[in-house]
Amino acid sequence: MKIRLKDYRIAPGEEVDLKKRKTLVTPVYHSKDNYHEMLADHVAKLSELQQRHYADNSHAVLVIFQAMDAAGKDGAIRHVMSGINPQGCQVSSFKHPSATEVQHDFLWRAAIKLPERGQIGIFNRSYYEDVLVVRVHPEILEGQGFPAKRLKGDDLWEDRYRSIRDFERHLHANGTRIVKIFLHLSKEEQRKRFLARIDEPDKNWKLSPSDVEERKFWKDYRKAYEAAISATSSADAPWYVVPADDKENARLIVSQIVLDLLDGLKPHFPKVTAAHEAELQAIRADLIGQRE
Ligand code: ATP
Ligand code: MG
């Protein structure tokens, strides 16, 4: 089945209502085997495109993942990037900021992890946390020496959205192509996955009491996501709200998003100049002559 990405893309200026956006849709695969075939096909195409993207060295690609806990960010990143040459891809995870990081503006720690031209950068969480978890728990900023006066103003979040829009516009203008993916999970599916993390010993390390605590703020997170996505989806850095209750289906949609982005860049291997071609032929003749 064809994956229609426009079903998931948020148009610039659109007011997102996550309750109206499905967390589960008819899968694009029709059997487990078919899923594996489709994923393998996507991975092979991604690998080929990435080699050309690397050689072309004209743009950087940035893929941002945001989601509630257990939505499958890690699995999506692992599966989708499995065929990629590690030299051309870096994954950066953004967790609770360090003492040094909070001494800077909220974009700083992400800015220093941005991908170079020819590279694919993956952000597992990102500067969006600063308008998501921090908006749900603004007390986080109080503990960081953030100017108290700014905290009280209503315009703090609008200012941050604007900073993000400006930052992404600047990146685009300088050759970075950005997509932002929200893995949209239902509260019930998260409950099931948390239970599985308790029942399966190999997954125990993945669940902490704070994860369950954050579930209580589900509605606040939904509102924070809606506001952030609505304010920052642009033609140059679009958001995709990807149904995530079916992990396999989400991986196929995510890989299609990255494929389309890379394909749209039309990366090509650098053309050999006539002068270099002549050099190569001279070297060839020389090497053939050196046969022992
Ligand atoms: P997993 O899916 O494996 O649990 P994770 O991305 O949730 O991975 P954790 O170490 O569990 O990783 O959580 C990182 C935590 O850091 C999240 O709760 C996130 O909200 C928080 N965090 C990220 N950025 C910030 C920030 N700028 N300020 C405060 N908290 C942040
Ligand atoms: Mg976590």
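The values are calculated or read from the model by the stated rules, or taken from the named source; none is laboratory data. In this text, all values refer to a predicted model and were calculated from it rather than measured experimentally. For neighbour counting, all protein chains shown are included, and Cβ atoms are generated from backbone atoms with ideal geometry for every residue, glycine included. Keep in mind that these areas ignore ligands, DNA and RNA; they rest on the heavy atoms of the full protein, side chains included. Shrake-Rupley method; radii C 1.70, N 1.55, O 1.52, S 1.80 Å.
Being without any contact (Cβ under 8 Å) to a residue 60 or more places away in the chain, closer than 29 Å to THR26 by Cα and either open to solvent by less than 70 Å² (accessible area, probe 1.4 Å) or of a type in the set (S, T, N, Q) (or both) is a description that applies to ALA196.
Listed by first and then second residue, the pairs linking a residue in region 199-218 that is among the aromatic types (Phe, Trp, Tyr) to a residue that is more than 10 Å from ligand 1 (Cβ to nearest atom), with Cβ atoms under 8 Å apart and 6 or more places separating them unless they lie on different chains, are TRP218/LYS187. Among residues that are within 16 Å of ligand 1 (Cβ to nearest atom) and not in a helix (DSSP H, G or I), LEU183 is included. Report yes if VAL131 is modelled with pLDDT under 95, out of contact with any Gly (no Cβ under 9 Å at 6 or more places or on another chain) and open to solvent by less than 10 Å² (accessible area, probe 1.4 Å), otherwise no. In short, no. Right, VAL28: in contact with a helix residue (DSSP H, G or I) (Cβ under 9 Å, 6 or more places away or on another chain), under 24 Å from ALA237 (Cα atoms) and more than 16 Å from ligand 2 (Cβ to nearest atom) or not? So VAL28 does not fit the description; no.
The residues on offer are ARG162, ARG215, and the sole one that is out of contact with any Lys or Arg (no Cβ under 9 Å at 6 or more places or on another chain) and either polar (S, T, N, Q) or at pLDDT 95 or above (or both) is ARG162.
Criterion applied to ARG125, ARG78 was being within 16 Å of ligand 1 (Cβ to nearest atom), of a type outside the set (Val, Ile, Thr) and within 30 Å of LEU151 (Cβ to Cβ), and the one residue passing it is ARG125.
The criterion of at least 3 residues that are exposed (fewer than 12 other Cβ atoms within 10 Å of the Cβ) is met, among helices (runs of 4 or more DSSP H) falling completely within region 1-120, by 32-56. For region 191-213, a residue qualifies if it is within 11 Å of ligand 1 (Cβ to nearest atom) and of a type outside the set (Gly, Ala, Ser), and the qualifying residues are ARG193, PHE194, ARG197, LYS203, TRP205, LYS206, LEU207, ASP211, GLU213.
Checked against the criterion of being open to solvent by 40 Å² or more (accessible area, probe 1.4 Å) and either part of a loop (DSSP other than H, G, I, E, B) or within 16 Å of ligand 2 (Cβ to nearest atom) (or both), the candidates LYS223, LYS203 yield just one match: LYS203. Is region 90-97 home to any residue that is of a type outside the set (A, V, I, L, M, F, W, C), more than 8 Å from ligand 1 (Cβ to nearest atom), at pLDDT 95 or above and in contact with a strand residue (DSSP E or B) (Cβ under 9 Å, 6 or more places away or on another chain)? Yes - at least one qualifying residue is present in region 90-97.
Look at region 176-192: where a residue is on the phi < 0 side of the Ramachandran plot and a partner is open to solvent by 10 Å² or more (accessible area, probe 1.4 Å) and assigned to a strand (DSSP E or B), sitting 6+ places away or on another chain with Cβ atoms under 9 Å, you get VAL179/TYR240; LYS180/TYR240; ILE181/TYR240; PHE182/TYR240.
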